[in-house]
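Q: What follows is a single structure, and I will ask about it in a moment.
What follows draws every value from the coordinates through simple rules; no lab data is involved. Owing to the predicted nature of the structure, the values given are computational and were not obtained by experimental measurement. Heads up, the Cβs are rebuilt from the backbone with ideal geometry, glycines too, and the neighbour counts pull from every protein chain shown.
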Ligand code: GAL
């Protein structure tokens with residue numbers, strides 16, 4: 001049976017949907033109903049990051065031991081090595097650049113002992129303008145670093161050799177808090193920077209209980225961020241502060257020629273809201289040059305494919321290619337780290353002293369066909385097609401409909417024989433698939449159906465494949481994650497994501513205590529080709545290898561841009577749903593108008609075939625509305641959800 005309700009019937013049911021479907025917990029009139037379709041693409045456009053930003057940052061290479069010669073040397077190497085032509089443009093200064101905040105005018109002073117070109121006629125009139133001009137003269141762009149609170153990370157977590165701001169308590173308050181307009185106008189207008197990374201240590205390292213605060217070294221700032229406890233974190237306050245930075249940047253750079261990088265380490269549920277506030281947002285704590293730590297950073301983005309897209313990128317932190325487990329003696333690991341960052345559309349920010357880079361490392365950072373995958377203009381983050389603790393296959397839809405990039409990733413310490421199938425790639429069985437190895441830059445034999453791939457420990461293979469799409473007359477939504485926007489995720493109570501690898505050393509660098517716990521919120525967010533809780537999409541035993549999994553009371557926007565005629569999906573309460581007693585109605589809207597809806601479907605109801613005509617529609621909105629309120633999360637599947645021609 002085809003349970004299709006026609007557009008005509010539903011037009012007159014519109015009122016019914018709005019009033020009956022509002023759910024059992026009426027929303028206060030001032031708060032917009034999160035399930036109410038708007039017909040407007042909710043994602044805001046600001047800044048200049050249509051593609052994942054690429055460049056270099058001083059932190060992973062030098063920490064606070066940065067100086068002008070080191071920075072300009074790496075910038076020059078980017079030009080000389082040809083990396084600039086590949087897209088590496090931003091040269092970003094990180095923590096350590098500041099001497100102090102001059103009083104009483106509050107103007108920030110550069111530490112001229114390490115940045116001599118900033119020296120002015122009088123000591124407090126330092127200026128980064130000469131350095132920024134020099135970088136611009138090299139055809140590069142310049143980035144600066146600050147903190148959203150009053151004080152910086154190096155002050156909150158000083159190392160033995162940290163170069164710290166000097167002077168009185170007020171002079172050492174180098175963060176943006178209380179000085180937002182003044183600092184951003186200095187950095188972006190007077191000095192001419194193009195990019196800012198805004199850290200968050202001012203919100204967690206200076207609470208009244210901290211010894212340095214008690215000793216009177218810093219003014220107290222309440223602990224807005226409790227790193228291991230999202231439910232004790234002041235999420236709304238943190239959003240507000242980062243929102244003020246975004247708005248001020250838009251004021252000082254009305255043409256939008258800036259990049260805003262949010263760095264609060266995946267805390268405060270930023271993995272869900274970063275997209276509305278920054279051009280990139282860190283999804284995890286700092287990367288370290290260790291394999292296990294790289295896994296942690298990677299895991300913090302790989303399930304967040306529906307939260308990334310042009311202008312807005314998940315940031316698993318900067319690259320560590322060149323050091324530790326990713327140095328010139330570990331080229332397998334270095335290539336894997338780089339390939340993973342490329343396929344999930346991570347910003348490619350080099351964290352290595354390029355003045356001494358061996359060719360083998362430059363060849364990795366400069367692998368043109370790998371970089372091209374990261375910089376593909378469709379901006380689709382790679383989606384997990386196969387996942388286990390040991391091996392993952394990540395597939396990224398490229399802008400050419402019949403082309404995908406794929407990374408087959410051996411996470412473990414044993415060799416693995418992987419099987420890559422046409423189904424992983426959403427290509428038709430029995431049809432030829434062309435393959436190109438992106439590291440070797442050569443074509444491999446054409447295959448049909450499947451191919452075996454042998455992987456050494458920690459090795460990854462990165463391919464570009466071309467074939468006949470499974471869906472001949474359209475595209476699965478899970479093949480266009482960049483065109484989806486999560487307007488409401490249906491999560492009732494924030495929960496840490498338990499899927500993220502937890503290496504040792506996440507606390508004090510020892511194994512004292514009981515070990516790291518899951519800490520980054522996001523568990524339950526909608527997913528491509530998976531339920532929110534990492535189960536396969538399944539309705540009454542029918543498995544859907546393509547589709548969108550979500551919680552009930554979610555609303556997803558899809559940018560159709562008038563390019564399709566039909567939406568279709570098999571919908572229902574997923575077999576894995578924890579709640580089984582309620583029902584869910586699935587609604588499809590086009591530019592704000594109800595186009596089709598399902599019956600109210602319970603755990604035992606057959607999959608419902610939902611279709612809607614979307615000719616000319618710009619924004620399709622998918623609402624899964626729970627009827628009644630269960631005690632446990634209700635998992636729903638939009639099986640085979642697709643836009644068709
Ligand atoms: C951390 C941040 C690092 C680096 C460092 C500087 O909070 O995650 O990327 O900027 O501060 O102290």
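Q: How large is log10 I(q)/I(0) at q = 0.16, 0.18, 0.25 Å⁻¹ when the Debye formula is applied to the Cα atoms of segment 468-535, each weighted equally and without solvent?
A: -0.74, -0.83, -1.12
Q: Under 8 Å for C-alpha pairs, at least 6 residues apart: give me the relative contact order for segment 239-287, rounded to a whole percent. Each step should come with its number before you reach the end.
A: On the way: 51 pairs, mean separation 17.6, N = 49.
Computed over segment 239-287, the figure is 36 percent.
Q: Take the Cα pairs of segment 521-593, get the Kirkwood Rh, then feed it into Stokes-Einstein at 4 °C and 1.567 mPa s and tell me D in µm²/s. The partial results should precede the final answer.
A: On the way: Rh = 13.6 Å.
Here the translational diffusion coefficient equals 95 µm²/s.
Q: Between residue 228 and residue 413, what FRET efficiency comes out of the Förster formula 1/(1 + (r/R0)^6) with R0 = 30 Å and r the beta carbon distance, rounded to 0.05?
A: Numbers: r = 28 Å, r/R0 = 0.95.
The formula returns an efficiency of 0.60 here.
Q: Right, next: Quick one: grab Rg to one decimal and Dmax as a whole number for segment 125-241, Cα atoms only, in Å.
A: 15.9, 47
Q: Helix 68-80: angle to the longest alpha-carbon principal axis of the chain, degrees 0 to 90, nearest 10?
A: 50 degrees
Q: Can you put 403, 173, 124 in order, fewest other beta carbons within 10 Å first?
A: On the way: 403 18, 173 28, 124 14.
In order of increasing Cβ crowding within 10 Å: 124, 403, 173.
Q: Right, another one. What percent of all Cα-Cα pairs in segment 276-354 falls into each 10 Å bin, going from 0 up to the bin containing the maximum distance?
A: With 10 Å bins starting at 0, P(r) equals 20, 54, 22, 4, 0.
Q: Length gain on complete extension for the stretch residue 543 to residue 209, per 0.36 nm per residue less the alpha carbon to alpha carbon distance? Walk me through the numbers on the way to the answer.
A: Details: separation 334, 0.36 × 334 = 120.24 nm, distance 5.25 nm.
Length gained between residue 543 and residue 209: 115.0 nm.
Q: Segment 226-284: percent of C-alpha pairs farther apart than 13 Å?
A: Numbers: 1002 of 1711 pairs.
Here the long-distance tail beyond 13 Å is 59 percent of all Cα pairs in segment 226-284.
Q: If you take the beta carbon distance between residue 247 and residue 440 as r and set R0 to 30 Å, what does 1/(1 + (r/R0)^6) give as a FRET efficiency, to the nearest 0.05? Present the calculation step by step, with values, prior to reporting the outcome.
A: On the way: r = 47 Å, r/R0 = 1.57.
The formula returns an efficiency of 0.05 here.
Q: Let me ask another. With Rg and the Kirkwood Rh both taken from Cα atoms, where does Rg over Rh land for segment 162-302?
A: Working: Rg = 16.1 Å, Rh = 16.5 Å.
Rg divided by Rh gives 0.98.
Q: Between residue 332 and residue 161, what is the FRET efficiency for a Förster distance of 41 Å, r being their Cβ-Cβ separation, to the nearest 0.05?
A: Details: r = 32 Å, r/R0 = 0.78.
Taking R0 as 41 Å, the efficiency between residue 332 and residue 161 is 0.80.
Q: For the chain, calculate the relative contact order in percent as a whole number, restricting contacts to Cα pairs under 8 Å that are 6 or more residues apart. Please report the intermediate quantities before stating the final value.
A: Values: 1608 pairs, mean separation 87.5, N = 645.
Relative contact order comes out at 14 percent.
Q: So what are the three principal axis dimensions of the chain from its Cα atoms, in whole Å, longest to shortest?
A: 81, 62, 51
Q: Using every pair of alpha-carbon atoms in segment 358-407, split the distances into 5 Å bins beginning at 0 and state the percent of pairs per bin, rounded to integers.
A: Bins of 5 Å from zero give 5, 19, 23, 18, 16, 14, 5, 0 percent of pairs.
Q: Which order, highest average first, do 582-590, 210-218 follow once you tally other Cβ atoms within 10 Å for each residue and take the mean per peptide?
A: Numbers: 582-590: 24.4, 210-218: 13.0.
Packing order, densest peptide first, comes out as 582-590, 210-218.
Q: Same structure again: I'd like to compare 308-320, 51-63, 535-547, 35-47: which one has the highest average count of other Cβ atoms within 10 Å, and what's the full order after that?
A: Details: 308-320: 26.3, 51-63: 23.5, 535-547: 18.6, 35-47: 16.9.
The peptides rank, most packed first, as 308-320, 51-63, 535-547, 35-47.
Q: For the peptides 450-458, 78-86, what is the packing order when you average, over each peptide's residues, the other Cβ atoms within 10 Å and list the highest mean first?
A: On the way: 450-458: 15.2, 78-86: 17.1.
The peptides rank, most packed first, as 78-86, 450-458.
Q: Compute and list, largest first, the equivalent-ellipsoid semi-axes of segment 372-529 from the alpha carbon gyration tensor, each √(5λ) rounded to a whole angstrom. Walk me through the numbers on the way to the answer.
A: Working: eigenvalues 196, 101, 33 Å².
Ellipsoid semi-axes (Å, largest first): 31, 22, 13.
Q: If you don't mind, another one. Run lengths n ≥ 4 of DSSP H only: what is the helix-derived mean residue ellipticity at 222 nm for the chain, with -39500 (n - 2.57) per run over all residues, to the nearest 500? Spell out each step's value before the answer.
A: Details: 16 runs with 124 residues, N = 645.
Value at 222 nm, helices only, nearest 500: -5000 deg cm²/dmol.
Q: Right, next: Is any residue of segment 603-617 close enough, with backbone N under 15 Å, to a label point placed 7 angstrom from the Cα of residue 632 along the Cα-Cβ axis, and if so, which?
A: 603-604
Q: Mind jotting down the three principal axis lengths of segment 381-422 based on Cα atoms? Whole angstrom, largest first.
A: Largest to smallest, the principal-axis extents are 35, 18, 11 Å.
Q: When only C-alpha pairs under 8 Å and at least 6 residues apart count, what is the relative contact order of segment 129-202, in percent? Let's see the in-between values first.
A: Details: 105 pairs, mean separation 36.9, N = 74.
The value is 50 percent.
Q: Can you give me the angle between helix 235-252 and the longest principal axis of the chain, using Cα atoms only, in degrees from 0 to 90, rounded to the nearest 10?
A: 70 degrees
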